[in-house]
1. Taking N as the number of residues in chain A, what is its Cα Rg relative to 2.2 N^0.38 Å?
2. What FRET efficiency comes out for residue B:20 versus residue B:97 if R0 is 41 angstrom and r is the Cβ-Cβ distance? Round to the nearest 0.05.
3. On average, how many beta carbons from a partner chain sit within 10 Å of the beta carbon of a residue in B:40-50?
4. What is the Cα radius of gyration of region B:10-76 over 2.2 N^0.38 Å, N being its residue count?
5. Express the relative contact order of region A:1-74 as a whole percentage, based on alpha carbon pairs under 8 Å and six or more residues apart in sequence.
6. Starting from the Cα gyration tensor of the protein assembly as shown, multiply each eigenvalue by 5, take the square root, and state the resulting semi-axes largest first in whole Å.
7. Of the listed pairs A:15/A:58; A:15/A:100; A:5/A:57; A:58/B:62; A:58/B:51, which have alpha-carbon separations greater than 31 Å here?
8. Take the Cα atoms of chain B, find their three principal axes, and give me the spread along each one in whole Å, biggest first.
Amino acid sequence: QQQVKQSPQSLIVQKGGISIINCAYENTAFDYFPWYQQFPGKGPALLIAIRPDVSEKKEGRFTISFNKSAKQFSLHIMDSQPGDSATYFCAASNAGTASKLTFGTGTRLQVTL
Amino acid sequence: NAGVMQNPRHLVRRRGQEARLRCSPMKGHSHVYWYRQLPEEGLKFMVYLQKENIIDESGMPKERFSAEFPKEGPSILRIQQVVRGDSAAYFCASSLQGAGTEAFFGQGTRLTVV
């Protein structure tokens with residue numbers, strides 16, 4: 001019930017391409033869905049987050065798409081750059097405990113030249 | 001404005017020793033969370049504390065692990081009698097309030113048990 005499943009485990013995208021990472025959840029009480037970016041040796045940093053009252057949220061080159069009925073959400077990175085190479089984690093929580101997060105297992109993204 | 005500060009960044013302990021991990025939240029933040037990250041895995045919630053109170057420790061192992069956030073000073077995650085399976089990265093996060101506010105993560109403490 002508390003799991004968040006993330007795929008793919010790793011992803012290689014050419015510079016300028018679109019990176020797509022998918023997550024699925026089971027707990028219908030989740031209503032806050034952030035994405036975190038983590039560089040080696042660093043802590044996770046919040047990239048973008050969405051609540052289920054909207055189906056899409058865009059910030060710069062990063063877009064979250066949310067499908068409440070399917071209990072799925074995804075991160076799209078447009079015009080991917082080598083500097084985007086990092087590990088990306090989706091997460092979920094209840095609004096009442098927005099900082100008690102359940103994380104996916106991570107996607108290691110490599111953007112090649 | 002300094003971010004969440006964790007120390008030490010790296011800690012090596014022999015089996016059976018105690019590990020003490022420290023976390024100073026961002027200025028003005030009174031909510032602290034500890035997460036553990038095993039190699040090639042996502043972060044797993046351990047415990048949520050406010051000043052002098054443990055709010056949620058549902059992710060803490062029942063034995064050997066304890067956490068505190070005193071009125072003065074950093075939050076401490078203590079692991080007694082460490083075993084090899086405790087080797088992981090331990091991250092602390094802090095937030096201004098509890099519900100509905102963003103948590104900011106520190107850079108983590110990488111514990112290695114030899």
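Nothing in this text is a laboratory measurement; each read-out follows from the coordinates by a stated rule. The structure displayed is predicted, hence computed values, not measured ones. Cβ sites come from the backbone with ideal geometry, for glycine too, and all protein chains shown count toward neighbours.
1. Normalised Cα radius of gyration, chain A: 1.01.
2. With a Förster radius of 41 Å, E is 0.90.
3. Mean shielding count: 5.
4. 1.17
5. Relative contact order, region A:1-74: 25 percent.
6. After scaling each eigenvalue by five and taking roots: 30, 20, 16 Å.
7. Exceeds cut-off: A:15/A:100; A:58/B:62; A:58/B:51.
8. Computed over the Cα atoms, the extents are 37, 26, 25 Å.
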